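Heads up: the structure comes next, in structure tokens.
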Amino acid sequence: MALEKISVAAAMLAVSLPFHALGQAQPAQDQGQQFSADDAILDTSILFAIGAHQAEQTLRSAFGWATFQEGLVDGVYFRFDPDGYARFAQNPRLDQDAFEVVCAPRSRVCAAKKGELEVALTPRSEIQITVAGAQEKDAFSVTDGQTELPLPPRVFQPLDIRLETILAAGGELIVRRDGNDFRRIPLLGFNAVATYLRWVASGQDSTVFPRGWPVPSEPVRLTGAAQPAFQQPTQPQQPQVPAYQQIAQQRQQVVSQGAPQSQQPQPVAVAAQESAPAQPQQPVAAPAQDGNMAASITQLQAQLEELSKMMVRNGGVSPNPAPPAMVPQGQPVQPVVHGQIPHNVPQTIYPQGNPAHQGYPPQQVQPNAQGQWQGTRLPAQGSQDWNAYRDLLAARRAGTQLPRHQMPGQNVPGAQYPHQYPAQQHPMHQHPVQQQLPEQQPDMQPNPEIDQQTNSTERRLEALFARLNEIESRGGTPQSLTIHQQINPLTGGKTKQPAGMEADPAPSGSRQQLQPGSTDGSTSYGSVSPMDARIERLEEMLSRLLAERQPEPSEDRVDLGAGVYIERELVEEIIAELDGEIGIAGTLQPVLDPVQPLTPTEQMAPGKSETKAKAQSGSASPEEDEFKTLKDYLSNVLSKEEAIGN
Amino acid sequence: MLGLGMAVAALSAAALSLGSMARDAFLYPKEKEIVPIIAGSELDDVPALMRGSRRSEFNSNVFGSAPRSKPPRMCEMPEDYFDGILDYPEKATPGYTRRNAYVRRYKPRRGFLTEREMQAARVAWRYFQNFTQETTGLANSVGNYPSTTLWDTASYISGLVAAYELCIVEKPEFDERILKLLTTFRGLDLFRREMPNKVYHTKTGEKVDYTNKSGEIGFSALDIGRFLVWMRILKNRYPYLGNSIDAVLLRWDYSNVIGEDGLMYGSLISKEDNSTIYAQEGRLGYEEYAAKGFALWGFNVRLAHRAEPYLTTSIHGVMVPYDGRDPRIFHSQNYVVTESYLQDGLELGYDLPHDDTSPDWLHSDGWRAEFAERIYQVQENRYYREGFMTARSEHNVKGPPYFTYDTIFSDGYPWNTVTPRGDYSPDHAAVATKAAFGMWALWDTPYTDVLYDAVIELFNPEVGFYEGLYERGQGIIEIYTANNNGILMAALLHKVQGPILTPHPGGPEVWYTAYRDRDARVRKNLPDPPQQEDWLPALRHVTLEEIR
């Protein structure tokens, strides 16, 4: 009887499902997680590090990546596929304690995950971490097994150089809740993963490698190697500045489910504009640059760097670049600005969430003299000023780009601010005019000093403490540097603390106290004649570069002389760039205590910050009118700094 | 006169007799001394024109025993069809026989499909309804991703045969589908005019690479071997498809895929000079299964069919066999998974290619059945000792790395789940649906009941069965594949009909007779009908009990 039922049912089914069902519309199966050749964003024949090699995968399925790359770098083994999927671990099996990197389909937006720790790259190429399950009251610290360093809550904001260096040094990230260890996450591989994320975002540009990285001598392209789809004309354009919220959501899907939900190309860029219209997008370098222009740009870049070094020498400050602006404790975690704002200028935050939905314009935030944060609102979205602001940005995106954006290979946002210690600063990446290094041997010449600074938390801390002591010995008050007394669970005592660190931080420290060299009579750099020569040189180059582009005078432009005008904002940005290269890292930053997070801009040249904000708001001021030429402007700024220093 | 006439008549008769004797003496001088010519012997000088007409030799026509009969479709079976079918004789004691056949300790499941199982078959068939391309008749390997391999096409054929035999589709649809497929294969562009490329685009039928872009990447002997198994199943079950099938296979050039040493060789393209590289393909498990596919068509694959070199590792008290070729030297991993052992059991009944007579409980390819039993036993032991429900195979996964070898043993580690590039990926360990169904069909045990419960509802009724259930509790592998659904249907068909390969119907085949008047057979290394001397040997290997 049962057989009859089955037979009848089968017969009915057979009648109801004729063969022409072959052509029926296929069900809307969620196949977005499937393999797509267009997801290829990497060429596995371009080596990530010396000693790596391309290999072939053992495939038995109908699709997959034919090749991958594997190697060993920074103490961890790694393998990655053309779609960016990678793993980093101490064991060559890449099994235990492994970072797993997954990239959003058809983009260079990647995220790494190890346990509860997730590492991602902001559009400004800053590392941002999250710890799943962490709560506001949790305490975070890093330990190397002997000492323990507490981390500020801003560790969950885009990391500055110091925090990233600390995390990259290895050890363990400890999450404490109610005094007990809640999570301990090994950080082994953090540095390699961070570098990998930047490398992917930059389109495999070796200039993003940090100092000491075993950079391959040259990109090795094997014959017949699978070329990533991004090199093919059919490849959709990579989203340049996706909204971070969307990226995070997409990344979450990818990491938690193993793949995104849609096979269609992700309209990340469009969505980004829709969700965050107030965020100016990164200008993108034109794909085809004039060769002479590129050479000039390179020269200009070298000039800038040399200028900064000269100023550093004259000013007696450290050449370390500045950290990004910091938000004091208690402030909500702010989204990252996707605009063309250097690290040492105020960041844009959204006071109540996404302005696209809240109706709030973005806010310029900067600290005041007391270290408190205050906001200067940009023009309201949709207003005339806002439109002018937007037009200004659009014009900049269209063609008025800073020379550093025109560096070959830096055609994605992540490559523009690849790192606080970008590889361009490394001797092997500097212009041959400056370094004159033979082409055959530059690769494996890591700076031992840098290695000492970056290879372990302890060394880094020691360097930091030594620096503090040096400042203190000059009479300065490290007012904003405070280390919380941390009870070492093993010894019951305090962790290593530098001399003078227990002093009560003075909340109202003057800028004079903050200026290095201000008490030891070191020469300030405002009146050094070689620098003037450099400025003149800079003027010449800018004039030559931009003469054809900006022939018309305007209130928003600065006269470079000889009837050549450039946008004032560009000048501002160059100044900011100089600041980032010159003075900020030499000042004292609240590395360990964000209670009084004076920004470098605030410390060094508050006038520039104000000017910057005003320039962005489209307002004019008598002060701006004073700066008719770039030289005037620079001289004014530097004289101000000199006055502060004295 | 009368005397003269009688004399003449006598002389004539004598002359006639003498002439006849003389003719016999001169024309057929040694007729009685002719020794039957046996292929491969020193006397094998039969002209090539004649060799194709010889009959292939099987157990039935050599030893005169009755071949197995082709089972009827499920809807045509009498209600008492399964009465006594599992009543094994007393002599069927587990272990090797004197002739190195093997009797397994566990019986397979046999009987009509229940409503639940029938529903599973229909759902699995939905996959092929959804993802078969009308233009080519090819089915996608994975969901709507339009590419396929010969391995996965064989899985589609297994699903199609099962659908017909389980009365899910009727002959018109079956014929339309299979003829469309064979016609497409008849016109497929081969890899360098030799063998089918590893991957084809299912919508266009063109050769593609692993990213589904036009191009060629070589051929896989394992995939071709599995495809040949199902070509033989089709031809034996449905002789009216014989010419179409032969036309497909006769286009191929077998001069490199089977070496003179009896090993199988795959091909790939050299990166240096774009030349074709032939490399031995197959490791213990897959290699023997694919070799039997070639042997079913008369090829000599003796060495490929042997287990050696192999090693064993003890896992939960079971000596698990794995390939002894060192991956560091041969650059080929030795994954131990369930799949190839299941396919050998479901499709070939762990029998040798020439065996068309042995009962279901006796497996003439003894060591394959015995190894398969070890593969089953170690997974059952893991469940009862560690609690991990285990049915491991290679399977696709959602998102990167897209595919994993979920092994019982590989790279020196038990329960090693690795990606194609070698990452250990334990999070992708899973109960593979196809492995669970296959084990359920071949081993009627309480443990496979557990597996059955784990996967029987693991489907989307509109799309098909999911790939599996993650071992670590991450849920379902939400991906649909031809291989998974095809093997699942083969497992259900095995419950109804037993081993899917049916005996050869007899008679000559175009496969053996074609091109006898030219050198094509020599150039393409086309085989002659297998004779008894060509049979793969029945071997045995030391078992753990024998060691003890």
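The values are calculated or read from the model by the stated rules, or taken from the named source; none is laboratory data. What you see is a predicted model, and the numbers here were worked out from it, not measured in a lab. Don't worry about glycine lacking a Cβ; one is built from the backbone with ideal geometry, like all the others, and counts go over all protein chains shown.
Is it the case that B:E165 is within 29 Å of B:Y88 (Cα to Cα), more than 10 Å from chain A (Cβ to nearest Cβ), touching a residue at least 12 places away in the same chain (Cβ under 8 Å) and of a type in the set (D, E)? Criteria met by B:E165.
Taking the listed residues A:A89, A:A120, the one that is of a type outside the set (D, E) and in contact with a Cys (Cβ under 9 Å, 6 or more places away or on another chain) is A:A120, with no other qualifying. Here B:L303 qualifies as in a helix (DSSP H, G or I) and either more than 23 Å from B:L181 (Cβ to Cβ) or free of Cβ contacts under 8 Å to residues at least 40 places away in the same chain (or both). Hey, does the range B:395-414 have a residue that's at pLDDT 95 or above and touching a His at 6+ places or on another chain (Cβ under 7 Å)? Checking the range B:395-414: at least one residue is at pLDDT 95 or above and touching a His at 6+ places or on another chain (Cβ under 7 Å).
B:E533 meets the conditions (1) surrounded by 23 or more Cβ atoms within 10 Å (Cβ to Cβ); (2) part of a helix (DSSP H, G or I) in every case but one. The failed one is (1). Considering (1) in contact with a Ser or Thr (Cβ under 9 Å, 6 or more places away or on another chain); (2) closer than 30 Å to B:V463 by Cβ; (3) more than 7 Å from chain A (Cβ to nearest Cβ), the lone condition that B:S147 does not fulfil carries the number (3).
Residues in the range B:54-89 that are within 14 Å of chain A (Cβ to nearest Cβ) and exposed (fewer than 14 other Cβ atoms within 10 Å of the Cβ): B:P72, B:E76, B:P78, B:E79, B:D80, B:D83.
Condition check ((1) in contact (Cβ under 8 Å) with a residue 40 or more places away in the chain; (2) of a type outside the set (A, V, I, L, M); (3) in a strand (DSSP E or B)) across all residues:
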| position | (1), (2), (3) |
| --- | --- |
| B:I233 | yes, no, no |
| B:G242 | yes, yes, no |
| B:D246 | yes, yes, no |
| B:D253 | yes, yes, no |
| B:E260 | no, yes, no |
| B:S267 | yes, yes, yes |
| B:E272 | no, yes, no |
| B:Y278 | no, yes, yes |
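Of the residues contained in the range B:499-510, one or more are found to be closer than 17 Å to B:L249 by Cα, modelled with pLDDT of 90 or more and either hydrophobic (A, V, I, L, M, F, W, C) or in contact with a Cys (Cβ under 8 Å, 6 or more places away or on another chain) (or both). In the range A:69-89 there is no residue that is farther than 19 Å from A:K113 by Cα, at the interface with chain B (Cβ under 10 Å from one of its Cβ atoms) and among the basic types (K, R). Taking the criterion of being among the small types (G, A, S), in a loop (DSSP other than H, G, I, E, B) and within 12 Å of another protein chain (Cβ to nearest Cβ), the residues of the range B:185-220 that qualify are B:G215, B:G218, B:S220.
Name the one entry in B:L442, B:L488, B:L458 that is within 30 Å of B:S60 (Cβ to Cβ) and more than 12 Å from every other protein chain (Cβ to nearest Cβ). Walk me through how you get there before you give the answer.
Details: B:L488 fails: within 30 Å of B:S60 (Cβ to Cβ); B:L458 fails: within 30 Å of B:S60 (Cβ to Cβ).
None of the others qualify; the one that does is B:L442.
Among the residues of this structure, A:T130 counts as one that is touching a residue at least 12 places away in the same chain (Cβ under 8 Å) and more than 25 Å from B:N416 (Cα to Cα). Checked against the criterion of being surrounded by fewer than 22 Cβ atoms within 10 Å (Cβ to Cβ) and at pLDDT below 95, the candidates B:D175, B:D209, B:D189 yield just one match: B:D209. B:D223 fulfils the conditions (1) within 11 Å of chain A (Cβ to nearest Cβ); (2) part of a loop (DSSP other than H, G, I, E, B); (3) closer than 25 Å to B:E281 by Cα except for a single criterion, (2).
When B:P94 is tested against (1) within 11 Å of chain A (Cβ to nearest Cβ); (2) free of Cβ contacts under 8 Å to residues at least 24 places away in the same chain; (3) out of contact with any helix residue (DSSP H, G or I) (no Cβ under 8 Å at 6 or more places or on another chain); (4) of a type outside the set (G, A, S), only condition (1) is not met.
For every residue, the table says whether it meets (1) on the phi < 0 side of the Ramachandran plot; (2) at the interface with chain A (Cβ under 9 Å from one of its Cβ atoms); (3) more than 26 Å from the chain's Cα centre (by Cα); (4) free of Cβ contacts under 8 Å to residues at least 40 places away in the same chain.
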| site | (1), (2), (3), (4) |
| --- | --- |
| B:D356 | yes, no, no, no |
| B:G366 | yes, no, no, no |
| B:Y384 | yes, no, yes, no |
| B:P400 | yes, yes, yes, yes |
| B:Y405 | yes, yes, no, no |
| B:Y413 | yes, yes, yes, yes |
| B:P426 | yes, yes, yes, no |
| B:A429 | yes, no, yes, no |
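Filter the range B:461-485 down to the residues that are β-branched (V, I, T) and assigned to a loop (DSSP other than H, G, I, E, B), then identify the one that is nearest to the other protein chains (Cβ to nearest Cβ). Filtering first and then ranking leaves B:V463.
Within the range B:144-159, can you find the residues that are of a type in the set (F, W, Y), surrounded by 24 or more Cβ atoms within 10 Å (Cβ to Cβ) and under 14 Å from B:Q133 (Cα atoms)? Can you show your working first?
Step one: filter the range B:144-159 for residues of a type in the set (F, W, Y), giving B:145, B:151, B:156.
Pick out the ones that are also surrounded by 24 or more Cβ atoms within 10 Å (Cβ to Cβ) and you get B:151, B:156.
Across the range B:144-159, the qualifying residue is only B:Y156.
Would you please name the residue that is farthest from B:Q497 (Cα to Cα), looking only at residues in the range B:113-124 that are buried (at least 17 other Cβ atoms within 10 Å of the Cβ) and at the interface with chain A (Cβ under 8 Å from one of its Cβ atoms)?
So in the range B:113-124, the residues buried (at least 17 other Cβ atoms within 10 Å of the Cβ) come out as B:113, B:117-118, B:120-124.
With the extra rule that they be at the interface with chain A (Cβ under 8 Å from one of its Cβ atoms), the set shrinks to B:113, B:118, B:122.
Working: B:L113: 11, B:M118: 14, B:R122: 17 Å.
Once the filter is applied, the top-ranked residue is B:R122.
Conditions tested, residue by residue: (1) in contact with a Pro (Cβ under 6 Å, 6 or more places away or on another chain); (2) in contact (Cβ under 8 Å) with a residue 60 or more places away in the chain.
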{"position": "A:F35", "(1), (2)": "no, no"}
{"position": "A:L42", "(1), (2)": "yes, yes"}
{"position": "A:A52", "(1), (2)": "no, yes"}
{"position": "A:Q96", "(1), (2)": "no, no"}
{"position": "A:E100", "(1), (2)": "no, yes"}
{"position": "A:K114", "(1), (2)": "no, yes"}
{"position": "A:L117", "(1), (2)": "no, yes"}
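When the range B:386-398 is limited to residues that are more than 10 Å from chain A (Cβ to nearest Cβ) and closer than 26 Å to B:N485 by Cβ, the one that is surrounded by the fewest Cβ atoms within 10 Å (Cβ to Cβ) turns out to be B:F388.
Before we move on, is B:Y376 away from chain A (no Cβ under 14 Å), buried (at least 24 other Cβ atoms within 10 Å of the Cβ) and farther than 24 Å from B:R328 by Cβ? Yes; evaluated as a whole, the condition is true for this residue. Taking the range B:127-136 as the range and being more than 8 Å from every other protein chain (Cβ to nearest Cβ) and surrounded by 23 or more Cβ atoms within 10 Å (Cβ to Cβ) as the test, the residues that pass are B:Y127, B:F128, B:T136. Within the range A:35-56, the set of residues being under 26 Å from B:I476 (Cα atoms), within 8 Å of chain B (Cβ to nearest Cβ) and buried (at least 22 other Cβ atoms within 10 Å of the Cβ) comprises A:F35 only.
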